Amino acid sequence: MNPFIKLMRPANCLISSFSVPIVMVTLLGTDFVSYQILLYTFIGMAVVFFFTAAGNTLNDYMDRETDKINHPQRPIPSGEVNPRTALVYSGTMFTIGIVLSFLFKLWIPRIIVISAVLLMIVYETRFKSEGLAGNLIISALTGMVFIFGGSIYGEVFLPSLLGLLAFLATVGREIVKDIQDLKGDINRNTFPMRVGPKKAEMVASAFVIGGVILSPFPYILNLLSIYYLLVVIVADAIFIYSLLLLKSPKRSQRFIKLAMVVALIAFLTGGLI
């Protein structure tokens, strides 16, 4: 694979970008889709794609020294891409995302994109190694993708609720990942390092359970159909099961990720049917 494409992690970018059409379907179904809606959806996907690619590239730039040991095959430590070139590449993709956001008539998408870029830079340069604060920023960026998707179509209430659910699940998963990496994180001051794995497990569980408790509300508020509820119950069951596996953090965070995928299917199902 071309080293510049490898830096982007295109599969990750595509997965993130599909949150935009998922939000479109939850808001509009398929009955009110016009040419303009499809165009806005495509532009929104491109914004998320370039933002994610830029973030991934910036991450590799910031981790270039530790990656010489942990991931020597990556483009920067392997010498395929010069560090300064990677930094310019990241900045260029951030800029493309911001410029594309100005194609929307509404101003809210622009503010969200610019705020997300600033948050990503602050995370990488200041809070990445600062425990829970870093977990919260990454999780907030995950939730903001849904709010951005909704803002394209002038609706933020339901997307904000979906973003909150994504935020809570992501915080739990990020903490569990840090528990998993506890022994190898010699250059970070993660949340489990600060409070110990037991307390970290309790906090991760609280965030995940909070998401489970709030998950029926899109149905209760008559925002999504009964089919959303049926599928999200499956996601909730997987979330709960993941908490029973916290003694094996690697398996636990994988099940949290699976539950998040099922939750996305629930969002989509609730809007389609």
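The values are calculated or read from the model by the stated rules, or taken from the named source; none is laboratory data. Nothing here was measured: the structure is a model prediction, and the numbers come from that model. Cβ: placed from backbone, ideal geometry, glycine included. Neighbour counts: every protein chain shown.
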Original post:
Do you know which residues across the range 13-51 are within 18 Å of the chain's Cα centre (by Cα), aliphatic (A, V, I, L, M) and modelled with pLDDT of 90 or more?
Top reply: LEU14, VAL20, ILE22, VAL23, MET24, MET45, ALA46, VAL47, VAL48
**OP:** Select from the range 3-46 the residues that are of a type in the set (D, E, K, R), touching a helix residue (DSSP H, G or I) at 6+ places or on another chain (Cβ under 6 Å) and farther than 20 Å from LEU258 by Cα and list them in ascending order.
**Re:** none
Original post:
For the range 22-111, list the helices (runs of 4 or more DSSP H) that sit wholly inside it and hold at least 2 residues that are small (Gly, Ala, Ser); which are they?
Top reply: 35-62, 83-101
Subject >> Residue list for the range 77-113, restricted to those being surrounded by 15 or more Cβ atoms within 10 Å (Cβ to Cβ), free of Cβ contacts under 8 Å to residues at least 40 places away in the same chain and aliphatic (A, V, I, L, M) >> reply: LEU87, ILE98, ILE112
**OP:** Can you work out which of the residues in the range 112-128 that are in a helix (DSSP H, G or I) and of a type outside the set (A, V, I, L, M, F, W, C) is farthest from MET62 (Cα to Cα)?
**Re:** SER115
Original post:
Of the conditions (1) buried (at least 17 other Cβ atoms within 10 Å of the Cβ); (2) within 22 Å of ALA235 (Cβ to Cβ); (3) not basic (Lys, Arg), PRO192 fails just one. Which one is it?
Top reply: (2)
Original post:
For the range 219-234, does any single residue satisfy the condition of being within 18 Å of VAL20 (Cα to Cα), out of contact with any strand residue (DSSP E or B) (no Cβ under 8 Å at 6 or more places or on another chain) and either modelled with pLDDT under 95 or hydrophobic (A, V, I, L, M, F, W, C) (or both)?
Top reply: yes
Subject >> Residue list for the range 222-261, restricted to those being closer than 18 Å to PRO197 by Cβ and more than 17 Å from the chain's Cα centre (by Cα) >> reply: SER242, LEU243, LEU244, LEU245, LEU246, LYS247, SER248, PRO249, LYS250, ARG251, SER252
